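Heads up, the thing below is written out as structure tokens.
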Amino acid sequence: CGTAWASRQGNGLAAPTEASCPSPASAHLTTNGLFQVMGPAASSQVDVRVTDRKTLIKERCLARKGYLDMQKVALEMRPGEDNCFPFLHESILPIISKFLFGTPLIRCFEVCPLWFVANLTALDNMCRNIDEGFKDLCAAGLALEYARTDWSPVHIATAGIRIDRILIARVTPAFVSKCLTVGYDFSYARENDSADHFQPGAQPNAAKQRFSCTFRCDVHGKGAARTFWVHKDICRFHGDETRVAATQNTTPVCVNDRIEVAVNLFNAQGMVDIPGVQWKPVSSVPVQPRECPIEEELFDWYDLDSFQAQSVERLQIPDFFAPQLQHEVTDYAGLDVAVSRTRLRASQPGVVPQADRILGSRFEVQPAHSPIILPLKRVGLQHDRFTKIQLREGDQLLLYISQGGKMT
């Protein structure tokens, strides 16, 4: 089970060491050889497989021992036998989990395989209303195929964590050439005294403050070539932050692609009131041209030789991503800040090796007719979840790089 925590390196959480837990080596083999299959639609020609490490480890644990059966009889077992206690029973654990939500709950996953399986199953049961609500109100444009719970570190002054319910859905043909909007309303659990809505002594029946999350995607025909922009800002006046490239907020998708919608369950504000999550019906408008906002400020673009003569910045053509992303053309514009605009074409399947180091995000090119999984980003956020971005052969990537900015 140790590799379930590999994505949270550096947060001080240790992996379980029980002998029955799969070793890191075997878990890596599991990731390559064992997959949770999402049921493909009748129109799909390629199965889309999810390499969710936590689900894979749960399957390996269940293959070795009947941990779910042990959980069902936890009230009848002698306390402590096989690390099983009465509070692990499937009717009790979801209640306890509400009080442990956050880092304490994640530490419970580390105790042993039984606790890992029991707590992961409890989270699935707690989020059932989120899954069913999505099916009821969003089925017209997005067909839910798979749901899982994921957590990742939050890089703040003190070690934090976020927990999300990830819904993976297939894009249907119902909204081709439309911008599809899906969203939900939520409130924070009243027990969270760290939430901004919390008021000591508030009446139990007082109305909770509601919040809203919205996701958008442009739906194109099956297998259509997409255009996607990325902006990397390396201006000197920003200092030494992570400098992760900003990506297009409205994600272009094709029919039969899979999208990920992340319903946040826990963040720095506290725990979300999970039963109170309410989905909104999907809505749509005609697709609009999508341009990087920096295009609104720049009008005259030059080639490298012409622009270098009037700039003090040391410029180069960002052809760093071959052979997966083939460079086509680079233009330059700007005054105090030099901006390059590079058109790259996805030309060869495979992981783009330099993308993680240069752009701060992982990029992967898939075959031309292969369905891909695309995470949707919350409207209004520059960065949401740090996940892999998949392209297809023939897709176009517009890369903007801003550099310069004299510091006084």
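The values are calculated or read from the model by the stated rules, or taken from the named source; none is laboratory data. As the structure is a computational prediction, the values presented were derived from the model and not from experiment. Neighbour counts run over all protein chains shown; Cβ positions are idealised from the backbone, glycine included. Only protein heavy atoms, including side chains, enter the accessible area calculation; ligands, DNA and RNA are left aside. Shrake-Rupley method; radii C 1.70, N 1.55, O 1.52, S 1.80 Å.
Mind listing the long-range amide H neighbours of GLN248? Cut-off is under 5 Å, sequence gap 5 or more, other chains count too, H placed in the peptide plane at 1.01 Å from N.
Amide H neighbours of GLN248: TRP229.
If I compute solvent accessible area with a 1.4 Å probe over the protein chains, what percent of it on region 87-135 is carbon and sulfur?
On the way: 1150 of 1830 Å².
Result for region 87-135: 63 percent of the exposed heavy-atom area is carbon or sulfur.
Grab the Cα-Cα distance for LYS208 and ARG128, subtract it from 0.36 nm times how many residues apart they are, and report the gain in nm with one decimal.
Numbers: separation 80, 0.36 × 80 = 28.80 nm, distance 2.19 nm.
Length gained, LYS208 through ARG128: 26.6 nm.
Cut-off under 14 Å on the C-alpha distance; same-chain residues fewer than 8 positions from LYS388 excluded. Which aspartates and glutamates are left, in chain and number order?
Correct list for LYS388: ASP52, GLU260, ASP356, GLU364.
Can you work out the Karplus-derived ³J(HN,Hα) for every residue in region 123-134? Use 6.51 cos²θ - 1.76 cosθ + 1.60 with θ = phi - 60°, whole Hz, and x for glycine or proline.
Each residue's phi maps through the Karplus curve to give 5, 4, 5, 5, 9, 4, 5, 5, 5, 5, x, 5 Hz.
Considering amide H positions built from the backbone, and no H for Pro or chain starts, which residues 5 or more places from TYR188, or on another chain, come under 5 Å of its amide H?
Placed amide hydrogens put ASP273 under 5 Å from TYR188.
So between GLU90 and LEU381, what do we pick up on full extension, going 0.36 nm a residue minus the alpha carbon distance?
Length gained, GLU90 through LEU381: 101.1 nm.
Among the listed pairs LYS98/LYS377; LYS135/LYS178; LYS54/LYS208; LYS65/LYS98, which have their C-alpha atoms separated by more than 25 angstrom in this model?
Values: LYS98/LYS377 27 Å; LYS135/LYS178 20 Å; LYS54/LYS208 33 Å; LYS65/LYS98 27 Å.
Exceeds cut-off: LYS98/LYS377; LYS54/LYS208; LYS65/LYS98.
Applying the Karplus parametrisation 6.51 cos²θ - 1.76 cosθ + 1.60 with θ = phi - 60° to the phi angles of region 318-325, what ³J(HN,Hα) value in whole Hz is obtained for each residue in order, glycine and proline being reported as x?
After applying 6.51 cos²θ - 1.76 cosθ + 1.60, I find x, 9, 10, 10, 6, x, 5, 10 Hz.
What does the charge add up to near GLU132, with Lys and Arg as +1, Asp and Glu as -1, over the other residues with Cβ less than 13 Å from its Cβ? Walk me through the numbers on the way to the answer.
Working: positive: ARG128, LYS135, ARG165; negative: ASP124, ASP131, ASP136.
Once all neighbours under 13 Å are counted, the net charge is 0.
What ³J(HN,Hα) values, in whole Hz, does the Karplus curve 6.51 cos²θ - 1.76 cosθ + 1.60 give for region 267-280 when θ = phi - 60°, with x put for Gly and Pro?
Per-residue couplings from phi come out as 8, 5, 7, x, 8, 7, 6, 4, x, x, 5, 10, 7, 9 Hz.
Give me the aspartates and glutamates in straight-line cross-link reach of LYS72: C-alpha distance below 17 Å, same-chain residues under 8 apart excluded.
Straight-line reach from LYS72, under 17 Å: GLU81, ASP82, GLU90, ASP124.
Per residue, how large is the accessible surface of region 234-332? Use a 1.4 angstrom probe and give square angstrom. Could the numbers behind the result be given before it?
On the way: 5200 Å² over 99 residues.
In whole numbers, region 234-332 has 53 Å² accessible per residue.
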